[in-house]
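Peer 1: Got a structure for you, written out below as structure tokens; questions coming shortly.
The values are calculated or read from the model by the stated rules, or taken from the named source; none is laboratory data. Please read all numbers here as calculations on a predicted model, not as lab measurements. For neighbour counting, all protein chains shown are included, and Cβ atoms are generated from backbone atoms with ideal geometry for every residue, glycine included. Quick note on the areas: whole protein, heavy atoms, side chains included, nothing else; ligands and nucleic acids left out. Shrake-Rupley method; radii C 1.70, N 1.55, O 1.52, S 1.80 Å.
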Amino acid sequence: MKPSTKKSLWILAVVIIVAIGLFIRFFDAASLVASRQKHNDALIAEQLAYHVGVLAYLYGYPIVDMHTQMHNETHRVSEDQQALAPVNRMYQFPDLVTPSTAGNFRAPNNDTLYFTGWFDISEEPLIIHTPDTKGRYYTIAVTNQYSEVVHIGRRTTGTVEDYFALVPPHWQGSLPAGVRAVPTETHQGWLLGRMLVEGPEDFDAAMGLVEDIWLAGLGEFKMGQRPPMPQVQDAVKSDPYESLEYFRVMNQQLRNLPPRPSEAALLAQFDAIGIGPGVEFDPDTVDEPTRVGLERALKDADKVMGASLMRSIPSFNGWMITKDIGRYGFKYMHRASVVKGGYGNVPEESLYPATLFDDEDNLLSGGKRYTLRFEADHMPPVNGFWSLSI
């Protein structure tokens with residue numbers, strides 16, 4: 001080996017030894033570990049916020065939607081809003097539902113008058129007066145914040161004049177004589193009523209019955225006396241669906257809702273990402289990884305919701321019929337998609353068959369004429385009424 005080569009190798013060895021010494025002297029292992037831990041923490045926070053956030057969005061959709069609609073229909077938020085009445089009061093829609101007045105309803109029809117109201121029974125029960133309809137079909141769907149439904153009306157309670165009290169959970173007290181209790185799982189919720197109208201000549205009689213349905217808090221209730229209508233307050237329209245305000249509203253409502261023991265494990269996952277009932281969520285102070293994950297969850301959960309509205313529905317003789325409405329159990333995506341489409345009655349009260357195709361599997365077209373035929377002894381098996389909307 002040449003002397004110059006030996007010298008070069010010696011210099012290289014010295015450099016390596018010095019480098020190793022300097023590395024050992026100045027290497028901060030703790031800093032490297034901390035940096036990696038920080039990276040992992042951020043990764044976990046974002047991914048958990050995303051994956052749990054998608055489920056939380058679907059779970060919380062009826063809770064957020066009902067709170068939003070309650071605000072927007074109990075305050076004056078625009079000059080042309082469809083429904084407006086203070087909390088614990090009823091609003092009567094003045095017309096049959098036509099294409100121009102359909103609004104939030106699923107389809108026009110010429111045989112139903114609607115009335116609606118939002119209730120808050122956190123302080124005391126709310127009493128509902130119903131007139132004697134003399135056998136005429138009517139129903140009032142009492143929908144709680146989980147979108148679970150019970151019914152007052154001809155099928156369940158008859159048609160004579162009556163008084164019903166929505167009773168909050170754990171309420172201790174007594175109701176006036178002649179008032180029937182209707183236990184209600186949540187302190188707030190929605191009332192949607194339907195009254196049968198048998199043709200134009202029957203409109204005034206049916207509307208008179210609708211106008212005789214009224215609400216009164218227990219403290220203001222007097223038998224046979226409708227209480228005065230409070231003044232409606234102006235407010236800014238609520239629309240939380242496309243921002244982290246959605247999770248703030250959901251979190252606020254969850255912290256006030258009576259807990260469901262069967263959902264404790266699920267809500268603990270919501271707590272883990274900062275949006276469950278055991279914590280207080282503030283969009284302005286949430287850490288960046290969680291923010292990113294929740295914002296992704298908002299977008300993708302909305303896509304899931306849109307897809308769920310177009311998924312396959314069981315078909316019977318060519319008619320699509322959804323039978324599991326009003327009682328959802330753990331079917332959170334189905335519950336959310338029903339709410340997205342406009343809520344609904346329990347199947348014992350009403351079913352909503354729908355079809356898109358004729359008997360030859362061709363898409364229905366306004367350019368053709370169709371015949372809907374029933375055998376004389378096979379009319380629709382209903383105990384109220386049925387109708388067809390196009």
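Peer 1: Could you check the simple spin-label distance between Arg291 and Tyr241, using points 7 Å along Cα→Cβ, in nm with one decimal?
Peer 2: For the pair Arg291/Tyr241, the computed spacing is 2.5 nm.
Peer 1: Please name whichever of His378, Leu364, Ala49 sits farthest to the positive end of the charge dipole of the chain, dipole taken about the Cα centre and charges placed at Cβ: Lys and Arg +1, Asp and Glu -1.
Peer 2: The one lying farthest along the dipole's positive direction is Ala49.
Peer 1: Shape of the range 293-386 from its Cα gyration tensor (a ≥ b ≥ c, root eigenvalues): rounded if a/c is under 1.5, otherwise prolate when a/b > b/c, or oblate?
Peer 2: oblate
Peer 1: Using a/c under 1.5 as the rounded threshold, could you call the range 205-328 rounded, prolate or oblate? The axes a ≥ b ≥ c are square roots of the C-alpha gyration tensor eigenvalues, and prolate needs a/b larger than b/c, oblate otherwise.
Peer 2: Judged from the Cα gyration tensor, the range 205-328 comes out oblate (a/c at least 1.5, b/c at or above a/b).
Peer 1: What does the accessible area per residue of the range 203-280 come to in Å², with a 1.4 Å probe and no ligands, DNA or RNA counted?
Peer 2: Ligands and nucleic acids excluded, the figure is 55 Å² per residue.
Peer 1: Now for a different question. Sum -39500 (n - 2.57) across every DSSP H segment of at least 4 residues in the chain, then divide by the residue count to get the 222 nm mean residue ellipticity, nearest 500.
Peer 2: The helix-only estimate for the chain comes to -11500 deg cm²/dmol at 222 nm.
Peer 1: In whole angstrom, how far apart do the alpha carbon centroids of the range 85-164 and the range 266-296 sit?
Peer 2: 36
Peer 1: Please identify the DSSP H helices in the chain that span no less than 15 Å along the helix axis (Cα) and have a mean Kyte-Doolittle hydropathy of 0.5 or more.
Peer 2: 3-26
Peer 1: Enter the accessible area per residue of the range 314-390 (Å², integer; probe 1.4 Å; all protein chains in place).
Peer 2: The answer is 73 Å² per residue.
Peer 1: Skipping prolines and chain starts, which residues have an amide H placed within reach, meaning under 5 Å, of the one on Gly153, given they are 5 or more residues away or on another chain?
Peer 2: Here the answer is Ile140, Gly158, since their amide H atoms fall under 5 Å of that of Gly153.
Peer 1: Still on this model: Once both labels are modelled 7 Å past Cα along the beta-carbon direction, what's the Asp204-Ser312 spacing in nm?
Peer 2: My value for the distance between the label points is 5.4 nm.
Peer 1: Specify the inter-centroid distance of the range 313-371 and the range 192-222, based on alpha-carbon positions, in whole Å.
Peer 2: Value for the Cα centre distance between the two parts: 28 Å.
Peer 1: Given a 1.4 Å probe and every protein chain left where it sits, what share in percent of the accessible area of the chain is carbon and sulfur?
Peer 2: On the chain, the fraction of accessible area on carbon and sulfur atoms equals 56 percent.
Peer 1: Under the definition of Cα pairs under 8 Å and six or more residues apart, what whole-number percent is the relative contact order of the chain?
Peer 2: The value is 20 percent.
Peer 1: Determine ³J(HN,Hα), in whole Hz, for all residues of the range 89-97 in sequence, where each value follows from phi through the Karplus function 6.51 cos²θ - 1.76 cosθ + 1.60 and θ = phi - 60°; x replaces Gly and Pro.
Peer 2: 9, 10, 10, 9, 5, x, 9, 5, 7
Peer 1: Run the simple label-point estimate for Leu84 and Val232 please: 7 Å along Cα→C-beta, distance reported in nm.
Peer 2: Placing both labels 7 Å beyond Cα along the Cβ direction yields 0.4 nm.
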